[in-house]
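> Right, I'll just put the structure down here and ask away after.
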Amino acid sequence: MTNDFKARIENYQKNGDRLIIDEILYGLTFDFLNDPTRKHIDDGVKLHVRINLPRHEYYVSYRIKVLREFALKEYNGVPRGAEYEDFCYYLTVLKYQYGMDFGAEVLKYNEETEYFKLTAALFEKIDASRDDILENVYDHDLQGLYRGFHRFRDSVTELEKACVVVTKQVDANIVQALERALSYVDASKSEREIVRYINSAFSTKFGELELERKGMKRIYRVNNQARTAKLFVKQYFPDDSYSVILPELTEDHLSELTKQQVEFVKQALEIVEFDRGMQDLTNYSCRANGAAVIKRDYLAEKLGKSDESVRKVLSRIKKTVTK
């Protein structure tokens, strides 16, 4: 197993052989939580989890699966709060007092309530049983059931649709982060060191990609200690579109510019307003507060000008408005 693990990493690094990636991703199908070797160990300082797995790759799979489930947690069909608990109570009542079991997955339970995973399929089954429910369920229980039905049906259905899209994005981020970690790990190290490095490198890169997926942009700025610091900010279009062209620029400055410069600004403004309408920030950098600034090469391309000519025009405008 040892040589096989290292050889797979070396083959990926040298030849692009993806067998090591396939094996790690295959491990995501395992039910690690119910693995009989999984134990909690208290060393007196904190609680540790110990698990014995048949391949080194699966220790990486274990870490990835935890992070993947956390990334998708908000899409798992388990709302919180009194309304959710109330709905589950009446689903439990129908299941045991009326014999109407809709086959929903039970996540946990107490003496009087089973807490179900809410899915579009569950609501479809309830809807299909409408005549039976109306004929046999007492009014009090009926009202409780349909109160929850109408409260959660649309939101759960939309959440499932969003989950399909987000899952693809998260899985793509997993592969990208794993590829990076495997590319840089030193295969001459011990298996334990290799697994530790891959898990650490993967977690860092995956975290960055997930922040970007959520609309956060990574930027670098020099801090008070004259060191370059990495920041994640929420990128957005500021209210003043002129500042997207040049942070110092406002509409009031137009009277100070030449006719050619005003025409340049107006054309740039049309590009910015179109992208704002589409909420497309692909071709924009941003300031430390997240406010978008159009990229010079993108502006040059859209205007049919050279990068150098756009740079010079912006430089002259900046000099005018900041004097």
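Each value in this text was obtained by applying a stated rule to the coordinates, not by laboratory testing. Values in this document were obtained by computation on a predicted structure and should not be read as measured data. Because the Cβ atoms are built from the backbone with ideal geometry, glycine has one as well, and the counts that use them run over all protein chains shown.
> Based on the alpha carbon coordinates of the chain, what radius of gyration and maximum Cα-Cα distance (Dmax) apply, in Å?
In order Rg, Dmax, the Cα atoms of the chain give 27.9, 81 Å.
> Looking at the chain, send over the antiparallel percent of its DSSP beta bridges, to the nearest 5.
Counting only bridges with both partners in the chain, antiparallel ones make up about 95 percent.
> Add +1 for every Lys or Arg and -1 for every Asp or Glu among the other residues with Cβ under 13 Å from the Cβ of PHE123, and state the total.
Net charge around PHE123: 0.
> Write out the trypsin sites (Lys or Arg not before Pro) in region 99-201 meeting two conditions: DSSP loop, and at most 16 other Cβ atoms within 10 Å of their Cβ.
LYS117, LYS189
> Per q in 0.08, 0.20 Å⁻¹, report the Debye log10 I(q)/I(0) for region 77-235, using one uniform scatterer on each alpha carbon and no solvent.
Log-scaled intensity ratios, in q order: -0.45, -1.17.
> Another question about this same structure. Over region 100-188, how many percent of alpha carbon pairs lie in each 10 Å bin up to the one with the longest distance?
All Cα pairs considered, the percentages come to 13, 32, 23, 13, 11, 6, 2, 0.
> If Lys and Arg each add +1 and Asp and Glu each add -1, what is the summed charge of the other residues whose beta carbon sits under 11 Å from the beta carbon of ILE9?
Here the charged neighbours net out to -3.
> Right, next: Tell me the trypsin sites (Lys or Arg not before Pro) within region 206-275 that lie in a loop according to DSSP and have at most 13 other beta-carbon atoms within 10 Å.
Answer in residue order: LYS214, ARG227.
> About its Cα centre, what dipole magnitude does region 255-299 give when the only charges are +1 on Lys and Arg Cβ and -1 on Asp and Glu Cβ, stated in debye to the nearest 20?
Magnitude of the dipole: close to 140 debye.
> Further question on the same structure: Could you work out the helix-only [θ] at 222 nm for the chain, with each DSSP H run of four or more residues adding -39,500 (n - 2.57) and the total divided by the number of residues, to the nearest 500 deg cm²/dmol? All intermediate terms of the calculation are to be shown ahead of the outcome.
Numbers: 12 runs with 185 residues, N = 323.
So the helix-based figure for the chain works out to -19000 deg cm²/dmol.
> What does the charge count around ARG316 come to, taking other residues whose C-beta lies under 12 Å from its C-beta (Lys +1, Arg +1, Asp -1, Glu -1)? Walk me through the intermediate numbers first.
Values: positive: ARG311, LYS312, LYS318, LYS319, LYS323; negative: GLU256.
Net charge in that neighbourhood comes out at +4.
> To the nearest 20 debye, what is the magnitude of the charge dipole of region 7-48 about its Cα centre, counting +1 on the Cβ of each Lys and Arg and -1 on the Cβ of each Asp and Glu?
With Lys and Arg at +1 and Asp and Glu at -1, about 80 debye.
> Another question about this same structure. Please identify the trypsin sites (Lys or Arg not before Pro) of region 20-75 that satisfy two criteria: DSSP loop assignment and at most 10 other Cβ atoms within 10 Å. Which are they?
LYS46
> Also: Taking GluC sites (Glu not before Pro) that fall in a DSSP loop and have at most 15 other Cβ atoms within 10 Å as cut points, what is the longest piece of the chain between them? Before the final figure, lay out each step's value.
Details: sites that count: GLU105, GLU111, GLU112, GLU248.
Of all site-free stretches, the longest is 113-247.
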